[in-house]
Amino acid sequence: MKKEEVERLLKRSISFKDAADFHFSRGDYDLTVFSLEQSLQLFLKAKLIENGVDFPKIHSLRRLFLILGQVIDHSVEFSEFEKSRSLEFSSLEDAYITSRYFPREFTRDETERLMKFYLEVVEIVGRFLG
């Protein structure tokens, strides 16, 4: 069951990343950032499950990322990365909330930075998980 859940979450994560790329190509930056947030949230939750942890029912990318760092015994590295990228974590977390309640527009530059940040998070997780 856990393997199937991980696969399902990773598949949805990829679908949200594909949606982000599509929205970016159309200049829909708010939808791009929302889709990035959803993709990253599902990715982190899948990695927690993959490592034997039922993820908490939260939506905070920062907390999910830090919990994953603790679970895989790399909390120092994950914490240092989180501190150095706190604005990016905040921006993506804001996209989750603002997409539902308060329309917020993102610029192309902001969106490109967040797309790069997304790839950095995936890379750091991959580096420590193999």
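Just one of the listed residues (104, 108) is closer than 19 Å to residue 23 by Cβ, of a type in the set (Lys, Arg), touching a helix residue (DSSP H, G or I) at 6+ places or on another chain (Cβ under 9 Å) and open to solvent by 90 Å² or more (accessible area, probe 1.4 Å), namely 108. Filtered by the rule that a residue be open to solvent by 80 Å² or more (accessible area, probe 1.4 Å) and modelled with pLDDT of 90 or more, segment 85-101 gives a lone residue, 87. Going through segment 1-48 one residue at a time, which ones are in contact with a Phe, Trp or Tyr (Cβ under 8 Å, 6 or more places away or on another chain), free of Cβ contacts under 8 Å to residues at least 40 places away in the same chain and small (Gly, Ala, Ser)? Matches in segment 1-48: 13, 35. Listed here are the helices (runs of 4 or more DSSP H) enclosed by segment 25-130 that have at least 3 residues being over 22 Å from residue 10 (Cβ atoms) and either over 15 Å from the mean Cα position of the chain (by Cα) or of a type in the set (Gly, Ala, Ser) (or both): 75-84, 86-101, 108-129. Evaluating residue 75 against the criteria (1) within 21 Å of residue 129 (Cα to Cα); (2) free of Cβ contacts under 8 Å to residues at least 12 places away in the same chain; (3) open to solvent by 70 Å² or more (accessible area, probe 1.4 Å) leaves one unmet condition, (3).
The values are calculated or read from the model by the stated rules, or taken from the named source; none is laboratory data. In this text, all values refer to a predicted model and were calculated from it rather than measured experimentally. Neighbour counts run over all protein chains shown; Cβ positions are idealised from the backbone, glycine included. The protein model used for the area step is the full one, side chains on, heavy atoms only, and it has no ligands, DNA or RNA in it. Shrake-Rupley method; radii C 1.70, N 1.55, O 1.52, S 1.80 Å.
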